[in-house]
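*Asks:* To start, I am sharing the structure in question, which I have written as structure tokens.
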Amino acid sequence: MHGVATGPVVRLWDFRAKGVQMTLEDAGQAGSVRSMHFSENGYMAATGDAGGTVRLWDLRNQSVKHQADLAGAADAASGTSAADAVAAGIRQVRFDDSGRYLGIAVGGRIELMGVKKWKNLGRIVPQGDGAAPSCFAFGQDAKTVVVGGGDRFMRVFEAGLGGGSQAMMEES
């Protein structure tokens, strides 16, 4: 199964069946979908749009289970103004391998969410000029998060799920 976004509409293609298997569309979604990721078990999908809203979809009934506007407020910790965060939108959404956690790159930070209770469990804010996350991935067992920034540095953070996060190492 693969997702193809056209504006706010996501079509899920099954290449073996050679066609669209389902369409995900939220009437309240204003921005174009920029990122999508499937949970490991295939029951959930997360989408992030240009307006800064992330949605957690239940694919079994094709409905939005949870959503959050993450770019609507200024982020003092990352130094991102509300206008810059909205302009940036969601850069990336990604589940960890267990599907229990969802990382969301927005503005100059990565928000770490618990999927089951849809609770913000932590935040990663890379420091330095050009350090805003352009990509990230969870490490094994979601204990670490590897973050790539526009400054060409790769940073490894302790995920700190349930608490804060801290940089463990940095390489250029």
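Every number here is computed from the coordinates shown, using simple stated rules; none is lab data. Not measured: the values here are computed from a predicted model. Neighbour counts are summed over all protein chains in view; Cβ atoms, including those assigned to glycine, are modelled from backbone coordinates with ideal geometry.
*Asks:* According to the square roots a ≥ b ≥ c of the eigenvalues of the Cα gyration tensor, what is the shape class of region 88-131, taking rounded for a/c under 1.5, prolate for a/b larger than b/c otherwise, and oblate for the remainder?
*Replies:* Prolate, since a/c reaches 1.5 and a/b exceeds b/c.
*Asks:* Expected output is a single nm value to one decimal: the length gained when fully extending between Arg11 and Trp118, i.e. 0.36 nm times separation in residues minus the C-alpha distance. What is it?
*Replies:* Computed gain between Arg11 and Trp118 is 36.1 nm.
*Asks:* Each label point is 7 Å from the Cα along the Cα-to-Cβ direction; what then is the distance between the points at Ser98 and Gln127, in nm?
*Replies:* Roughly 2.9 nm, to one decimal.
*Asks:* Run the simple label-point estimate for Asp58 and Phe153 please: 7 Å along Cα→C-beta, distance reported in nm.
*Replies:* 4.2
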